[in-house]
Amino acid sequence: MVSVKTEDEIRRISEASEIVARILNELTLNIKPGMSTEEINTMAEEKLRRHNAMPAFKGYRGYPASICVSINDEIVHGIPSPRRIIKEGDIVSLDFGVKLNGFFGDAAVTVPVSMVSELAVKLLQVTEEALYIGIKEAKVGNRLYDISGAIQNHAESNGFSVVRDFVGHGIGRALHEDPQIPNFGQRGKGIKLERGMVFAVEPMVNAGDYRIKIDQDGWTARTYDGSLSAHFEHTVMVDYEHGVVLSKVN
Ligand code: MF3
Ligand code: CO
């Protein structure tokens, strides 16, 4: 069942989402070559405490950290480690979620570390564009897979592929609610969108093909072919004209 949120629920999801956005912005500005991914997790946790908010991911199905940090060919769910050092030329995906007053917010960005390859620049640009193109479709009068199809079309028409194994999701009182929101699909299909539905829209785009593999740690998802992967995500409310981004700094 896909729920339509009340104004009060939307306010609370927005508050959680704004904290996610603020912290992601700060982390983005602080990423430096030589830093470990564990240091990023520590920074995220310090910032969370100042907002009196809880990490959404820690303990979720046994996930051991507060943020996912996924580098280069890692797609999502990279576990922070003191041994994993960020270097110049890397692209670093930060996926972060917060719980505040019983409601969740969730967002992700992929950050270039100093100079990155031309291909990496294009992959980040196309993936972020795909997110905003999807958000535009999150409007009353559309169906769910209008979002999915628009994202897929933008990624594939630029020569990239969309990951099949992970999807966006409804969000609210739980981190993952109905519906699942694939980043591929047939426009015109799926449920009718209603104002006040709240979705985490999150394209994961690979420079090569869409297949993935999971590391021995049971979490880290990486591209099967070793190609680069990018991830951008916002928590979004369905509205009349277009989706409204809630995971932004007001
Ligand atoms: N942001 C991701 C999602 O929406 C990550 C959650 S998985 C976790 O599904 F285990 F890391 F929490
Ligand atoms: Co998510």
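How big is D for segment 7-245, in µm² s⁻¹ as a whole number, if Stokes-Einstein is applied with the Kirkwood radius of its Cα pairs at 37 °C and 0.692 mPa s?
186 µm²/s
Please compute the net charge surrounding G59, taking Lys and Arg as +1 and Asp and Glu as -1 over other residues with Cβ under 14 Å from its Cβ.
+2
Taking the Cα centre of segment 101-250 as origin, work out the dipole magnitude from +1 charges on Lys and Arg Cβ and -1 charges on Asp and Glu Cβ, in debye rounded to 20.
About 300 debye.
So which chymotrypsin sites (Phe, Trp or Tyr not before Pro) in segment 151-250 are both in a DSSP loop and have at most 15 other Cβ atoms within 10 Å of their Cβ?
Passing both the DSSP loop test and the Cβ count: Y224, Y240.
In debye to the nearest 20, how big a dipole does the chain give about its Cα centre with +1 on each Lys and Arg Cβ and -1 on each Asp and Glu Cβ?
360 debye
Among Q125, S227, L175, pick out the residue whose Cα is farthest towards the positive end of the charge dipole of segment 7-245, where Lys and Arg carry +1 and Asp and Glu carry -1 on C-beta, about the Cα centre.
In segment 7-245, that residue is L175.
So what's the back-of-envelope 222 nm ellipticity for the chain, counting only DSSP H runs of four-plus at -39500 (n - 2.57) apiece and dividing by all residues, rounded to 500? Don't jump to the answer; show the numbers that get you there.
Numbers: 4 runs with 71 residues, N = 250.
Rounded to the nearest 500, the figure is -9500 deg cm²/dmol.
Sort segment 60-166 into rounded, prolate or oblate with this rule: let a ≥ b ≥ c be the square roots of the eigenvalues of the Cα gyration tensor; rounded if a/c is under 1.5, and if a/c is not under 1.5, prolate when a/b is larger than b/c, oblate otherwise.
oblate
Where a number appears in this text, it was derived from the coordinates with a stated rule and is not lab data. Everything quoted here is computed from the prediction, not taken from an experiment. FYI the Cβ positions are ideal-geometry reconstructions off the backbone, even for glycines, and counts take in every protein chain you see.
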